[in-house]
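Structure record follows, encoded as structure tokens.
The values are calculated or read from the model by the stated rules, or taken from the named source; none is laboratory data. If you're wondering where the values come from, they're calculated on a predicted model, not measured in any experiment. Backbone-built Cβ (ideal geometry, glycine too); neighbour counts: all protein chains shown.
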Amino acid sequence: MKLHYFHDPEGNFGDDLNPWLWPRLLPGLLDDDGRELLVGIGTLLNHRLPVGPVKHVFGSGVGYGGLPAYDGRLQFHAVRGFLSADRLGLPADKVITDAAVLLRLVPLPPTSLKRVPVGLMLTGRALRDFDWAPVCGEAGVHLISCHWPVERVLDEIRRCDILLTETMHGAIVADLYRVPWVPVTCSPIVLEFKWQDWLSSLRMDYAPTHVTPLFDASRALPRGGRFKAAVKRGLRTAGLWHEHWAPPPARSSGVRDQARAAAELRAAAQRRPMLSDERLLETHVQRYAALLEAWARGRAASTQASQGSLSLAPVWPS
């Protein structure tokens with residue numbers, strides 16, 4: 001069975017949880033045999049899912065693109081939230097929550113990093129558009145990159161007293177480790193639907209603090225692209241513009257924009273942070289534990305003669 005997930009060449013924490021987590025939970029199950037797919041963490045339930053293989057869905061969700069093809073080989077064990085279930089026409093009992101909560105079943109050593117009052121985790125788009133380090137320094141917040149390796153990000157989140165996060169899996173992991181968190185948006189492409197989908201499983205609402213987006217043309221555009229953008233702005237200013245032309249990107253953010261963003265980050269850190277109900281969260285974790293154990297043992301029983309016994313790693317809480 002092959003693990004199906006989105007691979008960002010730069011690294012992306014939420015997606016990269018897949019190859020880190022699933023082999024620890026299901027040792028010996030995953031390989032490169034693409035006749036069956038494990039579809040886990042991410043907004044993966046769309047038209048890009050391969051049609052041929054059997055697809056086992058554990059905690060993924062809807063959000064990007066069209067719905068997946070119902071080819072008779074799509075097996076929904078659990079989905080991320082009630083919005084996904086509704087879009088897919090699934091009963092409510094197929095909803096648990098995002099599968100990243102299974103991190104709770106993997107023991108981690110205590111982080112040795114010094115605690116920080118406020119952390120900030122941005123999307124890859126925001127990090128590509130601008131160097132946020134000086135702004136974070138001015139705001140007094142600790143910047144955490146979604147491009148870092150999984151274990152480093154887990155340590156960085158756990159060292160925070162409060163996490164400001166634009167990334168949904170930053171919020172999920174903070175919530176899992178009981179780090180209070182505040183949702184923020186610093187770029188225009190955050191998909192609210194997936195946040196609402198996940199939070200529906202925890203009976204919570206999505207109400208992010210908006211932080212001024214920052215843009216640096218020297219980082220985000222090649223030299224030719226910067227010249228083209230300048231020409232487009234000139235044409236638009238002169239009234240020589242066609243509605244079908246792609247609009248030019250934003251100008252590079254100035255000192256005032258950066259100061260405004262820093263002030264907004266400081267204000268976000270003063271908001272009342274969010275944290276899900278511990279009993280509900282633990283119920284979701286235990287439902288996943290039981291579901292995965294029964295599924296793995298069922299597969300082991302059917303393949304024992306040819307492949308030997310298969311069992312879950314001994315990571316379940318006592």
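Worth a mention:
- Listed by first and then second residue, the pairs linking a residue in segment 15-35 that is surrounded by fewer than 20 Cβ atoms within 10 Å (Cβ to Cβ) and of a type outside the set (Gly, Ala, Ser) to a residue that is part of a helix (DSSP H, G or I) and at pLDDT 95 or above, with Cβ atoms under 6 Å apart and 6 or more places separating them unless they lie on different chains, are 20/150; 30/23.
- Odd one out for residue 75 among (1) within 24 Å of residue 167 (Cβ to Cβ); (2) not assigned by TED's automatic domain parsing to the domain that holds residue 265: (1)
- Residue within segment 157-176 that is of a type in the set (Val, Ile, Thr), part of a loop (DSSP other than H, G, I, E, B) and farther than 30 Å from residue 252 by Cβ present: no
- Every test in (1) touching a residue at least 40 places away in the same chain (Cβ under 8 Å); (2) surrounded by fewer than 17 Cβ atoms within 10 Å (Cβ to Cβ) is passed by residue 176 save one, and that test is (2).
- Residue in segment 100-122 that is over 19 Å from residue 280 (Cα atoms), in a helix (DSSP H, G or I), touching a residue at least 12 places away in the same chain (Cβ under 8 Å) and under 17 Å from the mean Cα position of the chain (by Cα) present: no
- Residue check, residue 28 assigned to a loop (DSSP other than H, G, I, E, B), under 19 Å from the mean Cα position of the chain (by Cα) and on the phi > 0 side of the Ramachandran plot: no
- Counted residues, segment 231-283 - those being surrounded by fewer than 14 Cβ atoms within 10 Å (Cβ to Cβ), at pLDDT 95 or above and in a loop (DSSP other than H, G, I, E, B): 3
- The residues on offer are 48, 87, and the sole one that is closer than 27 Å to residue 189 by Cα and in a helix (DSSP H, G or I) is 87.
- Residue 318 at pLDDT below 95 and not in a helix (DSSP H, G or I): yes
- The residue of segment 36-94 that is surrounded by the most Cβ atoms within 10 Å (Cβ to Cβ), among those that are at pLDDT 95 or above and of a type in the set (Phe, Trp, Tyr), is 58.
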